[in-house]
C-alpha cells in the first residue's frame, strides 16, 4: 500500500525490517565450592571493596552529567589505589560510570513514558463525557473523569521530579536494589525473615568484579583462573594483605572451576592471554558461590534482509503470545510450507523456572528452523513501552481492559528477544525484526483460511496466520493476498489465469462476454487447446414450439471457427 493511500486510510507508516545485531559478548558461569576460610576471606574482601565502590559512586553522582574528560575518574582512581590496588580501583570507577549512565537513560525513558501518559489523558479530558471527536473518545461518566483528573495531577508531579533530577544530573541509585529495600518494611509479604533479608542485602552489596586485561596472565591479573589445574587466585586489597596464602599478596581458593559451557571459547581466550572479566557472586538462598566469566565477542557482518531474499532461503516466522509461540515456515516467495507449529511457554512460577521454560521454547524454535533449512527467524519488534505507559487509556476499561493489560504486561518481549538473539547466533541463524503493525489483522484476514486448508495434522489459528505475515514482511512481500491469483489445487481449479505482477483494471461500461471455444485468441498465449482454461458455451435452452438446435460437433470433439461458418 502506497504512502498516500495509507495516510488517507489513517494507517501508520510501516518501518523497514532489519537484521538484529549479534550479541556483543558472552557470559558463562560455574559454581565455586569453597571452604569456610575461603568464604570468610571473600566476604571480607567484598565488603571492603563494596564500601569503596559505593563511596566512589556517590562522588560520581555529585559531579553530575559531564563529559568523560571532566568526570574526575583519574583523581578518583588514584585515591582508591591507595586503599585497594590499581586494578581494583579501575574496575570500581568503571562500574560507577556505567551505573551512572544507565540510571540517566532510565530517567529519560521514564520521562518519555510520563509525557505520553499525560498527553493521552489530556486528549481524552478535552472531550466531553460519552462523546467522541474523531478517534478520541471521552470518558464514560463524570466519576471516571474525576479519577483521571487526579491521576493527571499525580503524573504531572512525578514528571516534575524526574525532570528536576535530569536537570541536576543526579539520579537515585540504590546499590543492592530498590525492590529489596522496600521489602525490608514488608517482610511478611516478601516471605522473608529479618535475618534472611539481611543476608541478601549484604550479599548484593559485595564488590568482587575484576576487569580483564589483554596481555595479563590468562587474561586477568586481579582474578586469575589457571586452565591447567582450574585453580582460582585473587589479589587482596592493601589493608587485607595479611590474609594472603600465595606470593605477591594473592589468595588461592580451595575450590576450582572448569566452565563446561563454552569451555573451548574460554580456553582459546585465556591461553592466548586475551582479556576476560570475572565476577564472584553469592546466592544466600542456596548458600552457594559462583564465578562468572565474560568477554567481548568479535564483530561479524550479518546478511541483510535483501540478501536473504535474493538467496532463496527460508524463514521461520514466530508470533509471540502470552502463553505460547506460534510459528510457520515460509519460503523465499512468501508461501507457507509444512504444518504450523505451536510451542507452549507456561511462563508462571519462580523466575528461574520461567527463564528455563523460555529457553526451552527458544531451543524448540531453533530445532524446527534447522530441520526445515531456514536461514533465520523473523519476529516482531515488540517493545510495548507506549502500551505500558498509556495502557489504561488505550486498552479498554473495566475487568476486560484490566485482564488485557495484564496479558500484555506478561508477554516477555525483551527477555525473549535477547535470549533468541544469543541462542540463534550461536547456531548460525539470523534474527530479523519487523514492524508489528497490522500483522495479526491482515494475517488473519488473508492467511488463516489457506493455512487451515493446508494443515493436515494440526489446527491453524490466527496466531499462525500472523506468523506468516511476519515472515512475509521480513522478505519484503505484501501481507495481503490478491483474490484469484492462487488457489489450493491449481491444476484442478477452474479459473482464468490473472497477472500476478500488476492488477488489471476493471472493464468500464458493458460487461465483456467470456471468451468461448470458437472465439479467436488474443494476446501472446500460444496454447489454444482445451487446456487453455476457456469458458464453454452454455447449454441451449429448449423452448416449446421452437426448432431444435443447430447440428454441430459433439461435446468432446475439437472445434474451430469453420464449424460455425
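The values are calculated or read from the model by the stated rules, or taken from the named source; none is laboratory data. Computed from a prediction, not measured in an experiment: that's the story for all the values here. A quick note on method: Cβ atoms are made from the backbone with ideal geometry, for glycine too, and the neighbour counts reach across all protein chains shown.
Considering region 440-460, the residues that are within 27 Å of the chain's Cα centre (by Cα) and in a loop (DSSP other than H, G, I, E, B) include one that is surrounded by the fewest Cβ atoms within 10 Å (Cβ to Cβ), namely 459. For residue 120, the requirement of being part of a loop (DSSP other than H, G, I, E, B) and touching a residue at least 40 places away in the same chain (Cβ under 8 Å) is not met. One residue stands out in region 248-277 among those that are closer than 18 Å to residue 45 by Cα and touching a helix residue (DSSP H, G or I) at 6+ places or on another chain (Cβ under 7 Å): the one that is surrounded by the fewest Cβ atoms within 10 Å (Cβ to Cβ), namely 254. Residue selection: residue 233 satisfies the criterion of being closer than 22 Å to residue 290 by Cβ and not assigned by TED's automatic domain parsing to the domain that holds residue 47. Criterion applied to 69, 58, 120 was being at pLDDT below 95, exposed (fewer than 14 other Cβ atoms within 10 Å of the Cβ), at negative phi and not assigned by TED's automatic domain parsing to the domain that holds residue 213, and the one residue passing it is 69.
The requirement of being part of a helix (DSSP H, G or I) and modelled with pLDDT under 85 is satisfied by residue 417.
To keep it simple, each residue is scored yes or no on (1) within 32 Å of the chain's Cα centre (by Cα); (2) at pLDDT 95 or above; (3) surrounded by 11 or more Cβ atoms within 10 Å (Cβ to Cβ).
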site: 144; (1), (2), (3): no, no, yes
site: 151; (1), (2), (3): yes, no, yes
site: 158; (1), (2), (3): yes, yes, yes
site: 166; (1), (2), (3): yes, yes, yes
site: 179; (1), (2), (3): yes, no, no
site: 182; (1), (2), (3): yes, no, yes
site: 193; (1), (2), (3): no, no, yes
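Restricting attention to region 256-265, the residues being over 10 Å from residue 30 (Cβ atoms) and in contact (Cβ under 8 Å) with a residue 60 or more places away in the chain number 2. Checking each residue in region 148-176 for being under 21 Å from residue 59 (Cβ atoms), free of Cβ contacts under 8 Å to residues at least 60 places away in the same chain and touching a helix residue (DSSP H, G or I) at 6+ places or on another chain (Cβ under 9 Å) picks out 165, 174, 176.
The set of residues in region 292-343 being closer than 30 Å to residue 266 by Cβ, part of a loop (DSSP other than H, G, I, E, B) and in contact with a helix residue (DSSP H, G or I) (Cβ under 8 Å, 6 or more places away or on another chain) consists of 303 alone.
Among the residues of region 63-116, those that are assigned to a helix (DSSP H, G or I), within 24 Å of residue 239 (Cβ to Cβ) and in contact (Cβ under 8 Å) with a residue 40 or more places away in the chain comprise 82, 83, 87, 88, 90, 91, 92, 94, 95, 96.
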